[in-house]
1. Among the residues of the stretch 98-105, is there at least one that is within 14 Å of the chain's Cα centre (by Cα), at pLDDT 95 or above, assigned to a helix (DSSP H, G or I) and within 20 Å of residue 25 (Cα to Cα)?
2. Evaluate the stretch 11-20: report whether one residue or more is buried (at least 18 other Cβ atoms within 10 Å of the Cβ) and closer than 29 Å to residue 114 by Cα.
3. Testing residue 44 on (1) in contact with a strand residue (DSSP E or B) (Cβ under 8 Å, 6 or more places away or on another chain); (2) at positive phi, one condition comes back false. Which one is that?
4. Being surrounded by 20 or more Cβ atoms within 10 Å (Cβ to Cβ), in contact with a helix residue (DSSP H, G or I) (Cβ under 7 Å, 6 or more places away or on another chain) and at pLDDT 95 or above is true for just one of 65, 79, 71. Which residue is that?
5. Read through the list (1) in contact (Cβ under 8 Å) with a residue 40 or more places away in the chain; (2) crowded, with 21+ Cβ neighbours inside 10 Å; (3) farther than 26 Å from residue 44 by Cβ; (4) touching a strand residue (DSSP E or B) at 6+ places or on another chain (Cβ under 8 Å), then give the number of the only condition that residue 95 fails.
6. Run residue 88 past the list (1) touching a residue at least 60 places away in the same chain (Cβ under 8 Å); (2) surrounded by fewer than 16 Cβ atoms within 10 Å (Cβ to Cβ) and report the number of the one that doesn't hold.
7. Being assigned to a loop (DSSP other than H, G, I, E, B), farther than 17 Å from residue 120 by Cβ and without any contact (Cβ under 8 Å) to a residue 40 or more places away in the chain is the filter here; which residues of the stretch 17-68 pass it?
8. Being part of a helix (DSSP H, G or I), touching a strand residue (DSSP E or B) at 6+ places or on another chain (Cβ under 7 Å) and either more than 17 Å from residue 5 (Cβ to Cβ) or at pLDDT below 95 (or both) is the requirement here; does residue 142 meet it?
């Protein structure tokens, strides 16, 4: 199961509202927990794999991302805790922390083509924005039996952005 739902709204702290805060946490953290809770019910005795999508933003902490960064930091922590909690049920829990990925969401949010994107590309050793396939290939590995001894890990899939 891949927990990929998420929202982001880049705001300075002065512009942040309580609604912004709750929207980010309800989707990025609570939604992930509730979806995982349901998945655990259907995995059965053979176990399974939960893959959370975090963000490389937690390692660079740029301005105007305080709530988004906090929610993705929570995803990192939830991943480690649930790996320990669900491991005895043969359920592996890992996280992928992508850099900026060119998607409909990042395009609609005005990130793609913006100065923000250019700043991130400049910080990325591989010198480009990620593509959905870059993350999907790692998710497929984490979902497969080839990663059967991997749990509680957060993999940076970010072109080296740190």
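1. So far as the stretch 98-105 goes, no, none of its residues is within 14 Å of the chain's Cα centre (by Cα), at pLDDT 95 or above, assigned to a helix (DSSP H, G or I) and within 20 Å of residue 25 (Cα to Cα).
2. Going through the stretch 11-20, the residues buried (at least 18 other Cβ atoms within 10 Å of the Cβ) turn out to be none.
No, there is no match, as no residue in the stretch 11-20 is buried (at least 18 other Cβ atoms within 10 Å of the Cβ) and closer than 29 Å to residue 114 by Cα.
3. Every listed condition holds for residue 44 apart from (1).
4. Working: 65 fails: at pLDDT 95 or above; 79 fails: in contact with a helix residue (DSSP H, G or I) (Cβ under 7 Å, 6 or more places away or on another chain).
The conditions single out 71.
5. For residue 95, the failing item is (3).
6. Answer for residue 88: the failing condition is (1).
7. 17, 44
8. Yes.
The values are calculated or read from the model by the stated rules, or taken from the named source; none is laboratory data. Everything numeric here is computed off the predicted structure, so don't read it as measured data. Because the Cβ atoms are built from the backbone with ideal geometry, glycine has one as well, and the counts that use them run over all protein chains shown.
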